[in-house]
Amino acid sequence: MSGPIHVHWFRQDLRLADNPALSAAASQGAVLGVYILDDVNSGNHSMGEASRWWLHHSLTALDQALGGKLLVMAGNPAEILPRLVKTVLAKSIHWNRAYEPWRIERDAAIKAQLVEHGLVVQSHNGSLLWEPWDVLKKDGTPYKVFTPFYRRGCLGTTPPRRPLTVPPKLNIVDIGNADLGALAIAQLGLLPERDWKDGLAATWRIGEVAAYERLTTFLDDGLDGYKEGRNFPSKRNVSRLSAYLHWGEISPNTVWYAAKDRLDAGFGQDGDCDNFLSELGWREFSYSLLYHFPELPRKNLNPRFNGFDWCNDPALLKCWQKGKTGYPIVDAGMRELKQTGYMHNRVRMVVGSFLVKNLRLHWHHGEAWFWKSLVDADLASNSAGWQWIAGCGADAAPYFRIFNPITQGIKFDADGDYIRRYVPELAKLPNVYLCKPWEAPNVILEGAGVRLDETYPRPVVDVKVSREAALAAFSALRNAS
């Protein structure tokens, strides 16, 4: 090694383009890129199995982009980073900010420690379009309703910065045989043993190049018609960019301007683009909520729900997790999750509503299962989403808004393509019975090879009866407050 070294600490920014921290380090000289798997400080929010699978492949792609020079380590960054910067005689260290409460606390302590030892430490915004502390109401308090947050707080302030290119002079150094506890990516033990990892591999391409390809495909084939088409799980009008954004394989700024510039150039419709950009706004809203209300993952934002009469039925929870509830659209969504680590957003709302309102199981169960199973498991979006579904969060769907899994399936999967793909035992049923197979005459069931309670379960609850029970529980809560 020769000349001063500047460390870039990769975290949820596993890319080279539009990486503000990497660009800042590269502008000062040679860069040592390091990733540290931190299962020490994460506590209850250690990554789930699907996330760890994605991370393994994302780190592999990043290492290849860096010419095999990514330094990979595992342990407590508060112990590793001081030793690392001292060993390589680093002049500065850069990272892009993270917003999970445990990361904020950890990073603040690390920064104070390194600054005390005379190191230049700089954090940057590489994950959000707007910082949470910059989007506030006039009285300085955070927004709790999305529309004013987005329209007034975000769009009414400074536009997001334009994305950066890959640093033109990116000199990545290799520390060689320095005794720092470097690991091969495989030694992190990220790959799960669960049987669905083959399904994940068949579904996804991972890394920065794949993220740009996914964005291009969506803009070319999915953005037109997005406003309405995004509600139909078998259509192509979804971006499927959430995992790439979570891992920072592409930045929100890149996505924002790719869509906006396309519209400004005369391609597409205002409504489709505006709706897509507003989905990025929902991501920003979730991060704002997590930043200002750090107990969001566990504590009801609406304290009235602290006394809600939740049920406790492990058998029903297991049926939901396995996609064996007897409601085909719910089961299709849960099986898509198991096979691919992903679920269409409309279906996420349906399966979430079914869990917390028809089964009346605590939203914590859903949050935990999604955290374990999603490749895009994101603490802010996952927590805010489940609180929204349960009716106890910010700008939440009213508790009395209960998605009927039968009518939702009929409306948004009218041709049955989605259900037939993930619930193949029902594939031969005619559409009229596909969302409610228990109503099919025996001759129809026999002809389709369906034997209720054998090849496919009957409904675990009656949607009408369970809906009334949920409304009664909510009414009791409201009357008691």
Open item on the list: Here is a check on your reading of the model: is Leu180 farther than 30 Å from Leu136 by Cα, assigned to a loop (DSSP other than H, G, I, E, B), within 19 Å of the chain's Cα centre (by Cα) and not assigned by TED's automatic domain parsing to the domain that holds Pro132?
Closed with: no
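Matching residues to (1) polar (S, T, N, Q); (2) crowded, with 23+ Cβ neighbours inside 10 Å; (3) at pLDDT 95 or above:
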position	(1), (2), (3)
Arg360	no, no, yes
His365	no, no, yes
Trp371	no, yes, yes
Val375	no, yes, yes
Asp378	no, yes, yes
Ser383	yes, yes, yes
Cys392	no, no, no
Asp395	no, no, no
Phe400	no, no, no
Open item on the list: Given the criteria at pLDDT 95 or above and surrounded by fewer than 17 Cβ atoms within 10 Å (Cβ to Cβ), does Thr216 qualify?
Closed with: yes
Task: Extreme residue, surrounded by the fewest Cβ atoms within 10 Å (Cβ to Cβ), among residues of segment 410-427 that are among the hydrophobic types (A, V, I, L, M, F, W, C) and either over 28 Å from the mean Cα position of the chain (by Cα) or farther than 17 Å from Gly333 by Cα (or both) - done: Ala427
Task: Number of positions in segment 182-209 that are at pLDDT below 95, surrounded by 15 or more Cβ atoms within 10 Å (Cβ to Cβ) and of a type in the set (Gly, Ala, Ser) - done: 2
TODO: Within segment 6-19, count every residue that is crowded, with 23+ Cβ neighbours inside 10 Å and either hydrophobic (A, V, I, L, M, F, W, C) or not in a loop (DSSP other than H, G, I, E, B) (or both).
DONE: 6
Open item on the list: So for segment 161-168 (the condition being modelled with pLDDT of 95 or more and exposed (fewer than 14 other Cβ atoms within 10 Å of the Cβ)), does at least one residue qualify?
Closed with: yes
Open item on the list: Restricting to segment 428-469, name every residue that is closer than 17 Å to Trp320 by Cα and small (Gly, Ala, Ser).
Closed with: Ser466
Open item on the list: Restricting to segment 246-294, give me the number of residues that are closer than 24 Å to Ala50 by Cβ, without any contact (Cβ under 8 Å) to a residue 60 or more places away in the chain and among the hydrophobic types (A, V, I, L, M, F, W, C).
Closed with: 1
Task: Pick from segment 23-44, criterion of a type in the set (A, V, I, L, M, F, W, C) and more than 19 Å from Ile110 (Cβ to Cβ), ranking: surrounded by the fewest Cβ atoms within 10 Å (Cβ to Cβ) - done: Ala30
Open item on the list: Of all residues being in contact (Cβ under 8 Å) with a residue 24 or more places away in the chain and of a type in the set (S, T, N, Q) in segment 45-63, which is surrounded by the fewest Cβ atoms within 10 Å (Cβ to Cβ)? Just the residue, please.
Closed with: Thr60
Task: Residue in segment 428-446 that is nearest to Ile329 (Cα to Cα), counting only those that are part of a loop (DSSP other than H, G, I, E, B) and more than 30 Å from the chain's Cα centre (by Cα) - done: Lys436
Task: Every pair of residues 6+ apart whose Cβ atoms lie under 6 Å, when the first sits in segment 413-429 and is in contact (Cβ under 8 Å) with a residue 60 or more places away in the chain while the second is among the acidic types (Asp, Glu) and in a helix (DSSP H, G or I) - done: Tyr422/Glu336; Val423/Asp331
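The values are calculated or read from the model by the stated rules, or taken from the named source; none is laboratory data. Not measured: the values here are computed from a predicted model. Note that we place each Cβ from the backbone using ideal geometry, even for glycine, and neighbour counts take in every protein chain shown.
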